[in-house]
Amino acid sequence: MPPLGPTPVRSQRFRALGVRQVDAIAARFPLTGEQVATVRLISQVLPFRVNEYTLSELIDWDRVPDDPMFRMVFPQRGMLSPGDERLLTAATGTGDRQAVAAAVKEIRGRLNPHPSGQQELNVPRIGGSPAPGLQHKYRETVLYFPSQGQSCHSYCTYCFRWAQFVGDADLRFAAPGPEVLVRYLGEHPEVHDVLVTGGDPMIMGTDRLVDHLEPLLGVESVRTIRIGTKSLAYWPQRFVTDQDADDVLRFFERVTAGGRTLAVMAHFTHPRELGTELVARALSRIRATGAVVYCQAPLIGRINDSAATWSALWRAELAAGAVPYYMFVERDTGPYDYFKVPLAKAAEVFASAYRTLPGLARTVRGPVMSATPGKVVVDGVEESAGGRFFQLRMLQARDPALVGRPFRACYSPTAAWLDELEPAGDTPHDIAAAVWGGAPGTA
Ligand code: SF4
């Protein structure tokens, strides 16, 4: 095994900062009274969390409020609809906690907390009952949500998993331990890949993480363990200076030495997240364990919606020895209306950035919608005698027979999600049924 390399001397303990600390944050950083009030208001509905690293190393305070890192973690006016913002402001103004709780519940219910049929279609059953903290959408992959991993080092304003963090048990996926997962995997040898996700599993201490993952090493059919994490962006100390940083890397080594693939699915939204010395150290230490780092992020309006940003992001990932993997389309949940990017623009941003890349970075795919029937990529826009169309393809599908199949939808300059598209007349019937619930023209 390669040595882990020296750690820097200065270490910093992780501490989450939320709405209770917003005055203390405003005392140290140039937040206006209006911005503090916005944090207080919006964070009643959507989660807010930052930490010392995101505040000091990622945000460029000279560029606030337009700074993309600021917009990535600080709630903004406009994230709720004008009607919902009025409702919340009025309820807050009464000072009546029950009225506020009722308004918050009503607003959250309108924000589509579990998009893409996650609760109805993805939860597998074991012994006749729903398996807590598991999702099984694609034949070979199971998603595992360890209960202690259901928070993150900071929260993204655009988070598509916001429902995991708002303290409502009905909205949450969480497995107390790995027993049900291991039993389920024993009954489903077709599953080769477990994606551990959250929240962020790397928020757990190493002992806890190992308790959840070690039993997977005894399941012969599991060949790949993926860990979905934004800790490299929000708290790279997790792999460098945290007290148990070396222990987690030793565990990664154990997984790879046993012949398993360990894939760290890193969420990087903006090239600035790859610009610190700590993240470079963290990436190099992870890679030294034999783990592979794949990078993915959504395309978010007001934060990273330009080709230049994505080109710089993918180049920085490649330079750090990581693999550019997915550009996602923002999902239809939470403050989606505020951050969404039309598919036509998304396809243009992707194509323009892709053209600038060296061949080795052209591993990236996108823009991809992780939708109810599967992952649908927008390959481009086609002009033909019959009109203008989006060229689409099923990258992944609930029904394996659909994987890899191209199809078309009528062009729309404003559509930002699959359900806003109309199928082209030549859409194959099985794809039309999976995507639109019927034959072309019946959607
Ligand atoms: S890292 Fe992922 S789960 Fe955590 S807040 Fe951001 S989008 Fe949500």
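The values are calculated or read from the model by the stated rules, or taken from the named source; none is laboratory data. Since the structure is predicted, the reported quantities are computational estimates derived from the model, not experimental observations. Counting neighbours? That spans all protein chains shown, and the Cβs are built from the backbone with ideal geometry, glycine included.
This table checks each residue for (1) farther than 25 Å from Asp419 by Cβ; (2) part of a strand (DSSP E or B); (3) within 16 Å of the ligand (Cβ to nearest atom).
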| site | (1), (2), (3) |
| --- | --- |
| Val104 | yes, no, no |
| Arg108 | no, no, yes |
| Pro113 | no, no, yes |
| Gln135 | no, yes, yes |
| Val142 | yes, yes, no |
| Cys159 | no, no, yes |
| Gln164 | no, no, yes |
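So is Lys137 outside the structural domain of Tyr234 (by TED's automatic domain parsing) and either among the basic types (Lys, Arg) or surrounded by 13 or more Cβ atoms within 10 Å (Cβ to Cβ) (or both) or not? Taking the combined requirement at face value, the residue does not satisfy it. Restricting the first member to the range 392-409 and to residues that are touching a residue at least 12 places away in the same chain (Cβ under 8 Å) and in the same structural domain as Leu421 (by TED's automatic domain parsing), and the second to residues that are among the small types (Gly, Ala, Ser) and surrounded by fewer than 18 Cβ atoms within 10 Å (Cβ to Cβ), the beta-carbon pairs closer than 8 Å and six or more apart or on different chains are Arg393/Gly404; Met394/Gly404; Leu395/Gly404. Taking the criterion of being among the hydroxyl-bearing types (Ser, Thr, Tyr) and within 16 Å of the ligand (Cβ to nearest atom), the only residue of the range 172-209 that qualifies is Thr197. Taking the range 210-234 as the search range and keeping residues that are within 16 Å of the ligand (Cβ to nearest atom) and among the hydrophobic types (A, V, I, L, M, F, W, C), which one is surrounded by the most Cβ atoms within 10 Å (Cβ to Cβ)? Among residues in the range 210-234 that are within 16 Å of the ligand (Cβ to nearest atom) and among the hydrophobic types (A, V, I, L, M, F, W, C), the one surrounded by the most Cβ atoms within 10 Å (Cβ to Cβ) is Ala233. Take the conditions (1) out of contact with any Pro (no Cβ under 7 Å at 6 or more places or on another chain); (2) aromatic (Phe, Trp, Tyr); (3) assigned to a loop (DSSP other than H, G, I, E, B); Phe48 misses just one of them, which is (1).
Residues are listed down the side, and each one gets a yes or a no for (1) assigned to a helix (DSSP H, G or I); (2) touching a Leu at 6+ places or on another chain (Cβ under 9 Å); (3) buried (at least 17 other Cβ atoms within 10 Å of the Cβ):
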| position | (1), (2), (3) |
| --- | --- |
| Leu31 | no, no, yes |
| Ala37 | yes, no, no |
| Asp62 | yes, no, no |
| Met69 | yes, yes, yes |
| Glu85 | yes, yes, yes |
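Total residues in the range 110-164 satisfying the condition of being within 19 Å of Tyr338 (Cα to Cα) and out of contact with any strand residue (DSSP E or B) (no Cβ under 9 Å at 6 or more places or on another chain): the figure is 10. Flag: Ser151 does not match the condition of being assigned by TED's automatic domain parsing to the domain that holds Thr229, surrounded by fewer than 20 Cβ atoms within 10 Å (Cβ to Cβ) and free of Cβ contacts under 8 Å to residues at least 12 places away in the same chain. Considering the range 235-279, and only residues there that are farther than 15 Å from Ala322 by Cβ and acidic (Asp, Glu), the residue that is nearest to the ligand (Cβ to nearest atom) turns out to be Asp242.
Can you name every residue in the range 287-334 that is in a helix (DSSP H, G or I) and surrounded by fewer than 24 Cβ atoms within 10 Å (Cβ to Cβ)?
Filtering the range 287-334 down to residues in a helix (DSSP H, G or I) leaves 287, 307-319.
Across the range 287-334, the qualifying residues are Arg287, Ala307, Ala308, Thr309, Ser311, Ala312, Arg315, Ala316, Leu318, Ala319.
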